[in-house]
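The values are calculated or read from the model by the stated rules, or taken from the named source; none is laboratory data. Everything quoted here is computed from the prediction, not taken from an experiment. Here the Cβ is made from the backbone with ideal geometry for all residues, glycine too, and neighbour counts use every protein chain on show.
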Amino acid sequence: MPYAMLPDDLAELDSLGLRRYRRTLDSAQATHVLVDGKKYVAFCSNDYLGLANHPELIAAAQAGAAQFGVGAGASHLVLGHARAHEALESQLAAFVKLPRALLFSTGYMANLGIVTALMNREDAVFADRLNHASLNDACLLARAQFKRYAHNNLDQLQRLLASTRARRKLIVADAVFSMDGDIAPVPDLLALAERYDAWLLLDDAHGFGVLGENGRGVLEHFNAAHPRIIYMATLGKAAGVFGAFVAGDPTLIETLLQRARTYIFTTAMPPLLACALSKSIELIASGAPLRQRLHENIIQLKQTLNDSMPGGGELLPSATAIQPLVIGDNRAASSLAQRLADRGVLVPAIRPPTVPPGTARLRISLSAAHTTDDVRCLTGALAGAGVSHH
Ligand SMILES: *Cc1c(COP(=O)(O)O)cnc(C)c1O
């Protein structure tokens, strides 16, 4: 039987404490969810501003369905590119203050499309070790030389850039690291890109909508803008819907439209989602109070945990909505997550290969929609589950 090896493979996942199980939501994604008939306070989503279930986005999606139907029916280059997509691309470019933007169906596909369209065997990609899996996969698929540097180690990156003889060079980094929550040193990366004539691809999946005064993301946070920057952000996280976009130099964007295989050979996102996203970008632009609420939640969590775990520096030094509590052992992380669930609080245990071996963690994600009581509920459950004894 061709399947003969698979049971052993699955048993190995069990023996390593790495088997994953899904929970099935019976409610919309929110801070308070219904799972298998039980209510929980959840700290699991990337819906940082609470827009995934927002009434104005739902109304925009419904109006979009009435006008455009439910499916795009074709790829963008064959008749799937609707007025709603076109309008959203212009809106996104104006919002992030870059010349042109191109929609992709997901962030994973955007990263694959960008890197494979621009790089090949003669080229070299320089990547932070903690980058998202989609960026790593993109480099492998492009067959470019793949040179990884230790997390935020700019000296090592500089040495790698200085020693390459590759034709084109591309530095790639998460703008906010998805499992650690820290922000990449964008001005330093840009300076190295300048010095070594490289492009800089920034994956702002976790910064778009939340960083910067106006939620324009990491570029606004650092007041950075440069033609070398290839800016990618996802629309299924803070924006609350689905999809992704790339923004930058017009010639770059036209090249992606012509060459990115994950753009060309796939169905366009449903136009109704583009309608919902247009509303979402409006709410993000006027969302300073939401970002303030999120910030207050971050401060409350950090202060409470640091007080209750003196010297227990397990909470990584993150200033963003992603607040990882590193446990180390895979099973210990899973069993802590289970004890929290028993107390009505959902926090995901993140294990290898998503994070390096020995650094299994609870990845606490905060949202503007969490109340002070929700955060207190989490810190109380952590204390009850015995976190301070680690
Ligand atoms: C979530 C994520 C992606 C993938 O985006 P999707 O739209 O979910 O496919 C890419 N990069 C980073 C850093 C992410 O966190």
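State whether one or more residues within the stretch 302-310 are under 24 Å from residue 233 (Cβ atoms), assigned by TED's automatic domain parsing to the domain that holds residue 43, outside any strand (DSSP E or B) and hydroxyl-bearing (Ser, Thr, Tyr).
Within the stretch 302-310, not a single residue is under 24 Å from residue 233 (Cβ atoms), assigned by TED's automatic domain parsing to the domain that holds residue 43, outside any strand (DSSP E or B) and hydroxyl-bearing (Ser, Thr, Tyr).
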All positions within the stretch 175-227 that are within 16 Å of the ligand (Cβ to nearest atom), aliphatic (A, V, I, L, M) and assigned to a loop (DSSP other than H, G, I, E, B):
175, 179, 184, 205, 210, 211
Criterion: over 28 Å from residue 375 (Cα atoms) and either out of contact with any Cys (no Cβ under 8 Å at 6 or more places or on another chain) or part of a helix (DSSP H, G or I) (or both) - qualifying residue of 281, 230, 299
230
Filter the stretch 350-362 for residues that are under 21 Å from residue 136 (Cα atoms) and either among the hydrophobic types (A, V, I, L, M, F, W, C) or part of a strand (DSSP E or B) (or both); the one that is farthest from the chain's Cα centre (by Cα) is 360
List every residue pair whose Cβ atoms sit under 7 Å apart, with the two residues 6 or more apart in sequence or on different chains, where the first one lies in the stretch 89-101 and is closer than 11 Å to residue 232 by Cα and the second, anywhere, is in a loop (DSSP other than H, G, I, E, B) and among the basic types (Lys, Arg).
96/216
Can you tell me which residue among 27, 15, 75, 90 is of a type in the set (S, T, N, Q) and within 30 Å of residue 212 (Cα to Cα)?
90
Does residue 210 qualify as being closer than 23 Å to residue 48 by Cβ, β-branched (Val, Ile, Thr), touching a residue at least 60 places away in the same chain (Cβ under 8 Å) and touching a Lys or Arg at 6+ places or on another chain (Cβ under 7 Å)?
yes
Is it true that residue 250 is at pLDDT below 95, more than 16 Å from the ligand (Cβ to nearest atom) and over 19 Å from residue 287 (Cβ atoms)?
no
Using the structure shown, decide if residue 68 is of a type in the set (Phe, Trp, Tyr) and more than 18 Å from residue 203 (Cα to Cα).
yes
Filter the stretch 232-272 for residues that are crowded, with 24+ Cβ neighbours inside 10 Å and among the hydroxyl-bearing types (Ser, Thr, Tyr); the one that is farthest from residue 80 (Cα to Cα) is 234
Looking for something within 19 Å of the chain's Cα centre (by Cα), within 16 Å of the ligand (Cβ to nearest atom) and farther than 20 Å from residue 58 by Cβ - is there at least one such residue anywhere in the stretch 267-284?
no
Does residue 327 satisfy being modelled with pLDDT under 95 and not in a helix (DSSP H, G or I)?
yes
Since residue 122 meets every condition but one in (1) over 18 Å from residue 203 (Cβ atoms); (2) buried (at least 23 other Cβ atoms within 10 Å of the Cβ); (3) not hydroxyl-bearing (Ser, Thr, Tyr), which condition does it not meet?
(2)
Being in contact with a Gly (Cβ under 6 Å, 6 or more places away or on another chain) and at pLDDT 95 or above narrows it down to one residue among 284, 264; which is it?
284
Which ones in the stretch 86-112 are away from the ligand (no atom under 16 Å from the Cβ) and either among the charged types (D, E, K, R) or in contact with a Leu (Cβ under 7 Å, 6 or more places away or on another chain) (or both)?
86, 89, 96, 97, 100
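Yes or no: residue 31 surrounded by fewer than 23 Cβ atoms within 10 Å (Cβ to Cβ), within 30 Å of residue 377 (Cβ to Cβ) and without any contact (Cβ under 8 Å) to a residue 60 or more places away in the chain?
No; evaluated as a whole, the condition is false for this residue.
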Scanning for something surrounded by fewer than 22 Cβ atoms within 10 Å (Cβ to Cβ), under 25 Å from residue 24 (Cβ atoms) and more than 20 Å from the chain's Cα centre (by Cα), does the stretch 382-390 turn up at least one residue?
yes
